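One structure below.
The values are calculated or read from the model by the stated rules, or taken from the named source; none is laboratory data. The structure presented is a predicted model; accordingly, all values stated were derived computationally and were not measured. Reconstructed Cβ throughout: ideal geometry from the backbone, glycine too, with neighbour counts over all protein chains shown.
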Amino acid sequence: MVRIATAASDDDTLDDLALVLRYHMLCYSHQKYTPTYQDERETENAIAEANNTGEANTAVLVDSGSYALITPLSSPKTLKVSRNPRNYWKERFDTSPFDVLGKNDTAEEYKTPNEVIRSIAEGLPDTNPKLSENEVTNGYLYSFRVPGNERFVKIEFTTREVEIRIEDWKKNCNRDPEVLYLTKVVPHAHRVEKLVYAELMEYRVRIYCGRYGKQHIEWFEALEAIVIASLKKWSLWMAGKPYEEKHSEWHLKEKYKKRLHDVGDFLKDLQEVEAAELGKQIS
């Protein structure tokens, strides 16, 4: 007797599973790429070959009168890819406690926040064409937290749409971010991020991400209000255009250099400006 392993009528096909593979292999930009005719033909040929191979080797002879299946029967009513390839495997987001490697132990831990702020603000902004290093390009700053670790806040800048960056982070780290604050477009966005990090350096922690296989150093064990106040303060300061371009380099204007002689007073002035700006918005 020969038993044939036939796929259930409502099972996902190899074409469906190819969509799932495509989603998990490609980045956001390439997921929007439309395959060419040649791409489609190559995929169809590979799927047809796999189907033919499966049918030809469905059963093998065990003895003179019986056959056994070499592959298990397909299970009926599997998830349909047509709903959304991203949700094919209903993997839950990780809510386990963070693996904290250290706190306030970066290379500049021997300096005070005010010293680091002055050093960053007075330095020439990096014009490296690599966007992750460039301190001249406009961008957004935002903060978020994740379920299970509400006392930690992550601060980042990006030159892309924040929604795209968040989706990438979800996929890479398997956590579900809740955005707490998002700035408008800010000039010298990476420089603003560095200044915020300097002001909040005593709250900074290093966290190991098992999913991503590396440590994250952009997390802070701080109250949401403290983080948002710093983001607002430095974004507002940078909106005042404290830097000017000279001979393809960006320099801090002299009046701002003088104010940085006493960083403590400088920060108090920024807080007053921020409070005044907030008052205008409320009224």
Exercise for review: Would you check if there is a residue in region 235-246 being surrounded by fewer than 13 Cβ atoms within 10 Å (Cβ to Cβ), in contact with a strand residue (DSSP E or B) (Cβ under 7 Å, 6 or more places away or on another chain) and not in a helix (DSSP H, G or I)?
Suggested key: yes
Exercise for review: Could you list, in sequence order, all residues of region 210-260 that are β-branched (V, I, T) and either farther than 30 Å from W169 by Cβ or touching a residue at least 40 places away in the same chain (Cβ under 8 Å) (or both)?
Suggested key: I217, V227, I228
Exercise for review: State which residue is farthest from the chain's Cα centre (by Cα) when the search covers only region 166-193 and only residues that are surrounded by fewer than 18 Cβ atoms within 10 Å (Cβ to Cβ) and charged (D, E, K, R).
Suggested key: K184
Review point. Residues of region 247-273 being assigned to a helix (DSSP H, G or I) and among the basic types (K, R), which ones?
Key: K255, K257, K258, R259, K268
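Does region 195-216 contain at least one residue that is in a helix (DSSP H, G or I) and loosely packed, with under 13 Cβ neighbours inside 10 Å? Steps first, answer last, please.
At the first step, the residues of region 195-216 found to be in a helix (DSSP H, G or I) are 195-199, 201-203.
So of that shortlist, the ones also loosely packed, with under 13 Cβ neighbours inside 10 Å come out as none.
No: region 195-216 contains no residue that is in a helix (DSSP H, G or I) and loosely packed, with under 13 Cβ neighbours inside 10 Å.
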Point to revise | Answer residue from region 86-108, given it is over 19 Å from M201 (Cβ atoms), surrounded by 13 or more Cβ atoms within 10 Å (Cβ to Cβ) and among the aromatic types (F, W, Y) and is modelled with the highest pLDDT among those | key: F93
